[in-house]
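Readers should treat all values here as calculations from the given coordinates under stated rules, not as data from a laboratory. Since this is a predicted model, take the numbers as computed values, not measurements. Cβ placement follows ideal geometry from the backbone for every residue including glycine, while neighbour counts extend to all protein chains displayed.
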């Protein structure tokens, strides 16, 4: 199963050949979501056996990339699942770091900043500064509030307004 | 009809044929079809809506018209000679309607010859665009109208039942299209042989079928590939309410490209818009009565994306 990534592996992860590790990781998350059991977008498209085979193919492709790029110690699917669970269980506290919280959710959805930007019409650089909580570089609170709500909605988060309020509270605290 | 038959057919360019289907009833196909017609007419094109919905033709109602006195049944029973004679003006400039209600309801299962006559006549309609509302289901009649179109729109709503019916519809359409390849008997035999032995041949998804046929019967494989390349359904997700549903159409198109190996695309989605229900109450197309509503803007965007795709070399 392991060995070097094959041309089919790029297809399986839905990324163009030569994509960066980050893009491959995003592709991996996206494909796992797309072909996963609870996915609306592929509901009834495959028989269960074929779906399992597809998911196994996605895992195998991801493993070969990880091995080839030395990104992770050639995780098997249980290790990948464990790593993801760990990531899930250590989601940052939205009150302490709302930006990191947004970033963690975006990565879990396998969305790039550009994809979020395409939906929200907020510039990717601004989204990036929101995630990094670079408070001194952000526009006035009234804009930030709207941005955070849009961003959180795009990620399908519960209570975008609450998150925006926490973000603005942090922003206001940081100002002289 | 005067004014519609002045140019002889060979001087005219055949209209661009659109079909609106998608398997499930109640997802907004007819509303989409009616407003698609309005959008094209508002661009300054001439358009004819043809109501080919077997189950419940009601485009006339959506357009606020009384039931037209004559319909497709008059054409099929040869009381009128051409579809053009049936096309009645609507309240929208440039948009005409061919009602199908009584025709196809009377006719539980229109014969192959009937479908062929309708499709031949559709190509002769003096218009820039013809839009067929093919109705719900995936029966051969519905599929044949859909497959005849240059642009086949599959309307979906973000619900599992709709996604399921849409995939059933796309799968049925794909296989019906492949079975049109010539020579038919040979194509059928080769396809059957391959599907029966798909496990041994490692044919795991429809996309693996044509490469396998090309390996064993190159000529049949090429014929199948030509058909598959002409199968380019367009998925439009209607009534999107939440941000995470916005990607559904793209995701479905990408899953279809992967699964069937053919060029399924998604030109956009249409959000849920309360003004739409209001327009249906008013019995006027939303694009006419609320031209700047979210629905109208989204639908125009979808049309723009599809037509620019046609200009840069869509299906021929």
(request) Among DSSP beta bridges whose residues both lie in the protein assembly as shown, state the antiparallel percentage, nearest 5. (result) 10
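Take B:24, A:121 and order them by how many other Cβ atoms sit within 10 Å, fewest up front.
On the way: B:24 24, A:121 7.
Taking fewest neighbouring Cβ atoms as first place, the list is A:121, B:24.
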(request) Report, in whole Å, the centroid distance computed from the Cα atoms of segment A:1-54 and segment B:116-171. (result) 31
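Let me make sure I get this right: for chain B, a, b and c are the square roots of the gyration tensor eigenvalues over alpha carbons, sorted descending. Under 1.5 in a/c it's rounded, otherwise prolate if a/b > b/c, else oblate. Which is it? If you can, show how the numbers build up before the last one.
Numbers: a/c = 1.90, a/b = 1.33, b/c = 1.43.
Oblate is the answer for chain B, as a/c is 1.5 or above yet b/c matches or exceeds a/b.
If I take every Cα pair under 8 Å that is 6 or more residues apart in chain B, average their sequence separation and divide by the length, what percent do I get for the relative contact order?
Details: 567 pairs, mean separation 66.1, N = 316.
After rounding, I find 21 percent.
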(request) Would you please put B:171-178, A:35-42 in order of how densely packed they are, using the mean number of other Cβ atoms within 10 angstrom per residue and starting with the highest? (result) B:171-178, A:35-42
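Starting from the alpha-carbon convex hull of segment B:164-256, give the projected area averaged over all orientations, in nm².
Numbers: hull surface 26.6 nm².
Taking a quarter of the hull surface, the average projection is 6.7 nm².
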(request) Please identify, among B:97, B:17, B:224, the residue showing maximal mean-square fluctuation in a Gaussian network model of chain B using a 10 angstrom Cα cutoff. (result) B:224
(message) I'd like the mean, over residues of B:249-260, of how many other protein chain beta carbons sit within 10 Å of each residue's own Cβ.
(response) 4
(request) Show that you can apply the helix-only estimate: for chain B, add -39,500 (n - 2.57) for every DSSP H stretch of four or more residues, divide by all residues, and state [θ] at 222 nm to the nearest 500. (result) -14000 deg cm²/dmol
(request) With an 8 Å cut-off on Cα pairs and a minimum separation of 6 or more residues, tell me the relative contact order of chain A in percent. (result) 18
(request) Over segment B:13-95, consider all pairs of different Cα atoms and compute the Kirkwood hydrodynamic radius from their mean reciprocal separation; express it in Å, one decimal. (result) 13.7
(message) Just to be sure I understand: with springs between alpha-carbon atoms less than 10 Å apart, which residue in B:285, B:158, B:66 has the highest mean-square fluctuation in the Gaussian network model of chain B?
(response) B:66
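Which value results for Rg/Rh of chain A when Rg is the Cα radius of gyration and Rh the Kirkwood radius based on the inverse mean 1/r?
1.03
Please list the three semi-axes, largest first and in whole Å, of the ellipsoid equivalent to segment A:84-176, using sqrt of 5 times the eigenvalues of its alpha carbon gyration tensor.
Numbers: eigenvalues 76, 49, 26 Å².
Working from the Cα gyration tensor, I get semi-axes of 19, 16, 11 Å.
What's the average, rounded to a whole number, of partner chain beta-carbon atoms within 10 Å of each residue's beta-carbon in A:42-55?
On the way: counts 9, 10, 9, 14, 5, 0, 0, 1, 3, 0, 0, 2, 5, 0.
Partner Cβ neighbours, averaged per residue: 4.
Once you sort the root eigenvalues of the Cα gyration tensor of segment B:121-224 as a ≥ b ≥ c, which label holds: rounded (a/c under 1.5), prolate (a/b larger than b/c) or oblate (the other case)? Walk me through the numbers before you get to the answer.
On the way: a/c = 2.82, a/b = 1.47, b/c = 1.92.
Here segment B:121-224 falls in the oblate category.
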(message) Can you compute the helix-only [θ] at 222 nm over chain A? Use -39500 (n - 2.57) per DSSP H run of at least 4 residues, normalise by all residues, nearest 500 deg cm²/dmol.
(response) -20500 deg cm²/dmol
(request) Determine which residues of segment A:111-129 fall in the zone a paramagnetic label at residue A:20 would reach in this model, i.e. backbone nitrogen under 19 Å from the point 7 Å along Cα→Cβ. (result) A:111-118, A:123-129
(message) Restricting everything to alpha-carbon atoms, can you work out Rg to Rh for the protein assembly as shown with a Kirkwood hydrodynamic radius?
(response) 1.02
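Give the average, rounded to an integer, of partner chain Cβ atoms located within 10 angstrom of each Cβ in A:108-121.
Working: counts 0, 2, 0, 1, 0, 0, 0, 2, 1, 0, 1, 4, 1, 0.
For this peptide, the per-residue mean of nearby foreign Cβ atoms is 1.
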(request) Starting with the fewest neighbours, write out B:301, A:22 ranked by other beta-carbon atoms found within 10 Å of each beta-carbon. (result) A:22, B:301
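Given the Cα atoms of segment B:198-299, and with Rh set as the inverse mean 1/r over their pairs in the Kirkwood sense, what is Rg to Rh to two decimals? Write down the numbers at each step before the final one.
Details: Rg = 19.8 Å, Rh = 16.3 Å.
Taking Rg over the Kirkwood Rh, I get 1.21.
Can you give the FRET efficiency for residue B:277 and residue B:304, using 1/(1 + (r/R0)^6), R0 = 25 Å, r = Cβ-Cβ distance, to the nearest 0.05? Walk me through the intermediate numbers first.
On the way: r = 25 Å, r/R0 = 0.98.
Calculated transfer efficiency: 0.50.
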